[in-house]
Amino acid sequence: MTTSDPRIDPEHFAASLLAWFDDHGRRDLPWQENRDPYRIWVAEIMLQQTRVATVVDYFRRFLDRFPTLADLAEADDDAVLSRWSGLGYYSRARHLKRAAELCVEHHEARLPEDFDALLALPGIGRSTAGAILAQAHGQRHPILDGNVKRVLARLHGIDQWPGKSAVARRLWEIAAKLTAKRRVADYTQAIMDLGALVCTPRKPACGGCPVAAVCIARAEDRVEACPGRKPKRELPERHRYALWQVDEEGRVLLERRPEAGIWGRLYAPPLVEELDLAHRGLVRAAPIRHGFTHFRLTLTPVRIEVDSQVSIMDREARWAGRADLDDLGLPRPIERLLKRHFEDRLTWQEQCIA
Ligand code: SF4
């Protein structure tokens, strides 16, 4: 896999982005008032899973209560969590507090300026460490948050899922290559802003994009496909026969399903994994498919003519006619099959299955 596309010149890219940032970038966010590493750190952590518009108020309240790293380190856990209340992902607040304590113990109550020391603190990953050092100290480090992944993937026409390690590695390499050599703090904010304001997940405003001229996804009309989505997990397949026992009045025998397992406490025909010799030569209807969270079920109704005079031993079983459909708790696929049965639309195939 090649890294950065030779058509994208890093210097030209950074210059275009910075020129756009000067006119259109966000410059009035409360953590941009100064380059205080503590404020940038708190903002970066809050922004990890939360949108800017939500973070602004939380950030102000948090900084009012804990204006310095030492204040945060000394605070009660409850006080910190209460200022986080509503932001969600509370492990972020716990990590922030713990990291502040570690900075007091080992770094003279300041955030370390060394990348590895910063990365070693709880809750600070590679992109967050890079963003803090770039914005607070102008150190040249790439960042790769969700917005930046999207921008870089589209720019390079990468239609694979960034969660794959090979794709993530390539994106990091691209990010490192494209990161500006000058005005690193502004560049860092600019590429985040581009992702948040222009190269948005849906309907990106390519017409107003400062780097549209070199964007491969745009040139190849593949913007929607880049980056690729997380692949859906293949669900296991299961098969069951539904023993469709029908009496001389056309009623169907249903039993209440056990509490545990699928369709707990609902009524359904007995479901079996395999047919035995007693079912040899029966007819079946077309199978239906139904998706559960953890598997997909294929259900084949197998018709069995039964004499209703045969007493039902199971108290949780009953004969169901057309009039009973509204009163019984039925799983949707079974309800649909029963309706088709009562409307004579279930077609039985003369096919030996056992
Ligand atoms: Fe994103 Fe469109 Fe710009 Fe490409 S041209 S980087 S898809 S906004």
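Restricting to Cα atoms and excluding each atom paired with itself, what does the Kirkwood estimate give for the range 163-209 in Å? Mind dumping the intermediate values first?
Details: mean 1/r = 0.0827 Å⁻¹.
When all Cα pairs of the range 163-209 are included, the Kirkwood radius is 12.1 Å.
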So what's the range 252-298 giving for Cα Rg divided by 2.2 N^0.38 Å, two decimals? 1.33
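How many percent of all Cα-Cα pairs in the chain sit more than 30 Å apart? Mind dumping the intermediate values first?
Details: 35412 of 62481 pairs.
In whole percent, the share of Cα-Cα pairs in the chain beyond 30 Å is 57.
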With only alpha-carbon atoms counted, please give the Rg and Dmax of the range 10-78, in Å. 15.1, 49
Residue (of 167, 117, 317) at the positive-pole extreme of the chain, dipole from beta-carbon charges: 167
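Taking 1 over the mean of 1/r across every pair of different Cα atoms in the range 1-125, what Kirkwood radius in Å do you get?
16.3 Å
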Once the range 68-173 is represented by equal point scatterers at the alpha-carbon sites, with solvent omitted, what log10 I(q)/I(0) does the Debye formula produce at q = 0.12, 0.13, 0.19 Å⁻¹? -0.52, -0.60, -1.00
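So how much slack lies between residue 176 and residue 114, counting 0.36 nm per residue of separation and subtracting their Cα-Cα distance, in nm?
Values: separation 62, 0.36 × 62 = 22.32 nm, distance 1.76 nm.
In short, 20.6 nm is gained.
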Area projected by the alpha carbon convex hull of the range 96-244, averaged over all directions, nm²: 14.4 nm²
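Need the full-extension length gain, residue 345 to residue 169, defined as separation in residues times 0.36 nm minus the C-alpha distance. One decimal, nm. It would help to have the intermediate numbers written out before the result.
Numbers: separation 176, 0.36 × 176 = 63.36 nm, distance 5.59 nm.
The residue 345-residue 169 span can extend by a further 57.8 nm.
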Convex hull per residue volume in Å³, alpha carbons only, for the range 171-264: 254 Å³
Simple Cβ-charge dipole of the range 1-139, Lys/Arg +1 and Asp/Glu -1, about Cα centre, in debye nearest 20: 460 debye
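In debye, nearest 20: dipole of the chain around its Cα centre with unit charges on the Cβ of K, R (+) and D, E (-)? Write down the numbers at each step before the final one.
Details: 54 positive and 51 negative charges, 178 e Å.
That gives the chain a dipole magnitude of about 860 debye.
No value in this document is a laboratory result; all are computed from the given coordinates. Bear in mind the structure is a predicted one, so any value in this text is a computation, not a measurement. Positions of Cβ are backbone-derived with ideal geometry, glycine not excepted, and every protein chain shown enters the neighbour counts.
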